1. Only one residue in A:98, A:79, A:73, A:55 is among the β-branched types (Val, Ile, Thr), in contact (Cβ under 8 Å) with a residue 40 or more places away in the chain and within 12 Å of chain B (Cβ to nearest Cβ). Which one?
2. Within the range B:17-31, can you find the residues that are surrounded by fewer than 18 Cβ atoms within 10 Å (Cβ to Cβ) and either free of Cβ contacts under 8 Å to residues at least 60 places away in the same chain or within 14 Å of chain A (Cβ to nearest Cβ) (or both)?
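Derivation of every value follows stated rules applied to the coordinates shown; laboratory data play no part. Just so it is clear, the structure is predicted and the values come from calculations on it, not from any experiment. Backbone-built Cβ (ideal geometry, glycine too); neighbour counts: all protein chains shown.
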Number of protein chains: 2
Amino acid sequence: MTTNGDPPLFYRKHVFVCLNEREEGHPRGCCLAKGAEELQGYMKAKARELGLKDVRINKSGCLDRCELGPNMVIYPDGVWYRCTTTDDIDEVLQAHLVEGRRVDRLMLKPGDDPPKAKPKVKTA
Amino acid sequence: MTTNGDPPLFYRKHVFVCLNEREEGHPRGCCLAKGAEELQGYMKAKARELGLKDVRINKSGCLDRCELGPNMVIYPDGVWYRCTTTDDIDEVLQAHLVEGRRVDRLMLKPGDDPPKAKPKVKTA
């Protein structure tokens, strides 16, 4: 058990890479159209190469930061990254997953929220 | 910033429900064949009804507990549940996501691991 009474984590770090697909021309775009599937596959293979057995690289549905993608979130830290190249992936793997550091230049920050829903127009 | 220097969480609780599909007859089975898609849709709609705006109910790829599914994991807690009915989902929503408690009877526990890979037979 952990100090808070929960069982130990099944994975030291659990990565969810958004692979959501939207129809072509959707104003928000989508991570899949920005190469997320290839990047997730690369990250998974590379994590195995690095021997990271206590880490899992999962696919996920829409993380709702479509405009900023390709996005991922790493738990239990709750740290979000935008990775667009395999070099970015390598950097997150080495810094965050191996060394426990952060990659500031790739992190999403407070305010990187979904666009606000348009306010409904009140009619008299 | 949080006490550890990371930005605040985008979601107070972030749920990932496994929707992985395997081919029919696969010995491990899969969460999709056990109704995971309907359960995830129900959970998402119900969370909205409950006004849980700081919670996200996501789909995920294979969480590698296929035999025990349908599975979900709730972060940042790293607590895993097996929910097979909408009653189970309601209980997790109310206890874990609203009240911050745990639903012991549905939780995966230490040892609920993927089956070990068969040892390779050494040939002389």
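1. Working: A:98 fails: within 12 Å of chain B (Cβ to nearest Cβ); A:79 fails: in contact (Cβ under 8 Å) with a residue 40 or more places away in the chain; A:55 fails: within 12 Å of chain B (Cβ to nearest Cβ).
Exactly one residue qualifies, and that residue is A:73.
2. B:21, B:22, B:23, B:24, B:25, B:26, B:27, B:29 - these are the residues of the range B:17-31 that are surrounded by fewer than 18 Cβ atoms within 10 Å (Cβ to Cβ) and either free of Cβ contacts under 8 Å to residues at least 60 places away in the same chain or within 14 Å of chain A (Cβ to nearest Cβ) (or both).
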